[in-house]
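The values are calculated or read from the model by the stated rules, or taken from the named source; none is laboratory data. If you're wondering where the values come from, they're calculated on a predicted model, not measured in any experiment. Note that we place each Cβ from the backbone using ideal geometry, even for glycine, and neighbour counts take in every protein chain shown.
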Amino acid sequence: MEFFEKQIETSTVYKGLIINVKLDVAEIQNGKRVKREIVVHPGGVGIVPLTDDNKVLMVRQYRYPVGEEILEIPAGKLDEGEDPLTCAIRELSEETGCTAGKYIDLGVIYPSPGICRENLYIYLALDLQYSEMSLDEDEFLSVEQVGVDDLIDRIMANKLPDAKSIIGIMKTKRYLEMNR
């Protein structure tokens, strides 16, 4: 059986600084028409910067939408037309002050495909070289080095709730098992 929905109408109901919200009418498989709300996001990247001793450079920052300080992998929004790897290189440098000698593409994820059109590209960054952070003027964060196994334990204990970080760390753990 093939699943599909066909867009019949679309309208933008909100234009924001980062996101837009659309209200579509779609025809579903049985011919009925349904409304679909869609958050349109430009996409982004998440980077798992791994040290030579298997520690991940994590960033701690306050996230207003969830109302708390969280620990997560460095990440950032794609600029219009920007290549994801170029964005990953920029964000790693800005948020940690690091450059990487090697980037491994860990794939793309859809953070919330039921309501949001966002692609998030995940990279593993190896062979790190350290320099100075260059945060945006509205960005406040600290960098912490945490072992991969400790991060896995935090994930399993529900003490690391950020989805991109969970996926990036789990994929990094599997990459290490397969390649080292």
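All conditions but one from (1) modelled with pLDDT of 95 or more; (2) more than 13 Å from the chain's Cα centre (by Cα); (3) over 15 Å from residue 48 (Cβ atoms) apply to residue 104; the one that does not is (3). Just one residue in the set 157, 75, 163 is in contact with a helix residue (DSSP H, G or I) (Cβ under 7 Å, 6 or more places away or on another chain) and among the hydrophobic types (A, V, I, L, M, F, W, C); that residue is 75. Criterion applied to 126, 151 was being touching a residue at least 12 places away in the same chain (Cβ under 8 Å), assigned to a strand (DSSP E or B) and either farther than 19 Å from residue 77 by Cα or among the hydrophobic types (A, V, I, L, M, F, W, C) (or both), and the one residue passing it is 126. Filter the stretch 155-180 down to residues that are buried (at least 19 other Cβ atoms within 10 Å of the Cβ) and in a helix (DSSP H, G or I) and give me whichever is nearest to the chain's Cα centre (by Cα). Filtering first and then ranking leaves 164. Taking the criterion of being of a type outside the set (A, V, I, L, M) and part of a loop (DSSP other than H, G, I, E, B), the residues of the stretch 65-88 that qualify are 67, 74, 79, 80, 81, 82, 83. Residues in the stretch 121-141 that are modelled with pLDDT of 95 or more and among the aromatic types (Phe, Trp, Tyr) were compared, and the one that is surrounded by the fewest Cβ atoms within 10 Å (Cβ to Cβ) is 121.
State all residues of the stretch 13-42 that are assigned to a loop (DSSP other than H, G, I, E, B) and loosely packed, with under 14 Cβ neighbours inside 10 Å; if no residue qualifies, say none. Correct list: 16, 17, 18, 29, 30, 31, 32. Annotation note: Cβ proximity below 7 Å between a residue of the stretch 166-180 that is free of Cβ contacts under 8 Å to residues at least 40 places away in the same chain and aliphatic (A, V, I, L, M) and a residue that is buried (at least 18 other Cβ atoms within 10 Å of the Cβ) and not in a helix (DSSP H, G or I) (sequence gap 6+ or interchain) occurs for 166/160.
Taking residues in the stretch 42-60 that are under 16 Å from residue 107 (Cβ atoms), and partners anywhere that are acidic (Asp, Glu), the pairs with Cβ atoms closer than 7 Å and at least 6 places apart or on different chains are 43/118; 45/91; 47/91. Restricting attention to the stretch 43-64, which residues are under 20 Å from residue 84 (Cα atoms) and either modelled with pLDDT under 95 or not in a strand (DSSP E or B) (or both)? Passing the criteria: only 43.
Among the numbered conditions (1) surrounded by fewer than 17 Cβ atoms within 10 Å (Cβ to Cβ); (2) in contact (Cβ under 8 Å) with a residue 60 or more places away in the chain; (3) more than 16 Å from the chain's Cα centre (by Cα), the only one that residue 117 does not meet is (3).
Here is a yes/no grid of residues against (1) surrounded by 22 or more Cβ atoms within 10 Å (Cβ to Cβ); (2) farther than 24 Å from residue 161 by Cβ; (3) under 10 Å from the mean Cα position of the chain (by Cα):
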position	(1), (2), (3)
58	yes, no, no
73	yes, no, yes
76	no, no, yes
108	no, no, yes
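Only one entry in 91, 82, 2 is surrounded by 12 or more Cβ atoms within 10 Å (Cβ to Cβ) and over 19 Å from residue 140 (Cα atoms), namely 82.
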